[in-house]
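Beneath this line is the structure, given in structure tokens, with notes to follow.
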Amino acid sequence: MSNSEYFNKALHDMVFENACGAAIRRLADMSFPVSYIHKQIDYPISYEQVQSYVWKYYIEKKILLYIDDSVSYHNDGKYIILDEPTKEKTYIKEQGPYGKITYRQITVDKDNHSDSISIKKYIPCDFGIIKHDNPEYYNKLLDALDAEDRAYINSLPWRNEHVYHLMNERMNSIVEKLKRNNKLTY
């Protein structure tokens, strides 16, 4: 990558972040479907770019999870349980030798216990595999959901691979509706 290409990419990323990155993350944190998020953004961005940005954000924030060797988890039969230390970022104030005050970011245990953990439950979401292998069944699954939950599932770019979704309020709603309509066996 040449210097001008690197600069142009950095400039594009900065403009994008200032124009709509925070707004997209905020709406994604509230579990809005990508289609809704795209309509709310004034910045000229394609639906696919918003979709990709939300997917990457969900991966970074561990709302969506791929299981590999770097992930510490255990399986309780129907959920993947992710055990992570409860860490939070905070800032400490430091004063330099000439009186200059600076703030430095540090990571500390939330409860000041070295063994404190945050338990996160994840459910397997093989929507991408189902959509690829059996589109008819995929549509039947979505028929069991209301319009908002259907839009949430449909607007994410599910890949043809196993992925896990955090059991948050949105996913609890989806799971309950699928159970009620006998589309989910556990």
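The values are calculated or read from the model by the stated rules, or taken from the named source; none is laboratory data. All figures in this text were calculated on a predicted structure; none of them were measured in a lab. Methodologically, a virtual Cβ is constructed for each residue, glycine included, from the backbone with ideal geometry; neighbour enumeration extends over all protein chains shown.
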Residues located in segment 68-96, provided they are surrounded by 10 or more Cβ atoms within 10 Å (Cβ to Cβ), modelled with pLDDT of 70 or more and among the charged types (D, E, K, R): LYS78, GLU94
First in segment 140-161 and closer than 11 Å to SER35 by Cβ, second anywhere and outside any helix (DSSP H, G or I), Cβ under 6 Å, 6 or more apart: ALA151/PRO33; TYR152/PRO33; SER155/PRO33
